[in-house]
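Some notes on the structure that comes next.
What follows draws every value from the coordinates through simple rules; no lab data is involved. Owing to the predicted nature of the structure, the values given are computational and were not obtained by experimental measurement. Cβ atoms come from the backbone with ideal geometry, glycine included; neighbour counts cover every protein chain shown.
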């Protein structure tokens, strides 16, 4: 069997690079990891909030959100970072199917930001190489000049 010249992958490539392909399994594991970290951070941030019963009856979601951001100023940048990581995963998942990753930009539309990552996670991979990489879970090969 001929040796394939595949570029090595890493967690930095998985979460921060839009080029390459990933399978459904890797995608769901990465989404699960991001979700677990988000739940832990949200739980830590929410534990710093204390409301009395009188306050709780008059609370709005916007007020709770602003209180969370005031209690933990790093929460908003963390939410932006995790959304960026999900976008990179959706890029790679679409490219694994042979679809341009720029279709993933519809993730910025309301309601679709929840639907698109779920739908993309169930798409079948394209067999064999495509223009986005030689195989699933790989980076694209650099062209020789």
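A few remarks follow.
- Averaged over residues, the count of other Cβ atoms within 10 Å places the peptides 84-90, 99-105 in the sequence 84-90, 99-105, highest first.
- Rel. contact order, % - alpha carbon contacts under 8 angstrom, at least six apart, the range 21-121: 34 percent
- Which of 126, 53 has the fewest Cβ neighbours within 10 Å, and the rest in rising order: 53, 126
- Sorted fewest first by neighbouring Cβ atoms within 10 angstrom, 52, 23, 138 come out as 52, 23, 138.
- A Cα-only calculation for the chain places Rg and Dmax at 19.3, 72 Å.
- Per-residue packing, averaged as other Cβ atoms within 10 Å, sorts the ranges 56-62, 11-17 into the order 11-17, 56-62, beginning with the highest.
- Value of [θ]222 nm, deg cm²/dmol, for the chain, DSSP H segments ≥ 4, -39500 (n - 2.57) each, nearest 500: -17000 deg cm²/dmol
- Compared with the dominant principal axis of the Cα atoms in the chain, helix 61-71 is inclined by about 80°.
- For the chain, the longest principal axis of the C-alpha atoms and the axis of helix 112-121 are separated by about 40°.
- Helix 24-47 vs. the chain, principal-axis angle (Cα, 0 to 90°, nearest 10): 20 degrees
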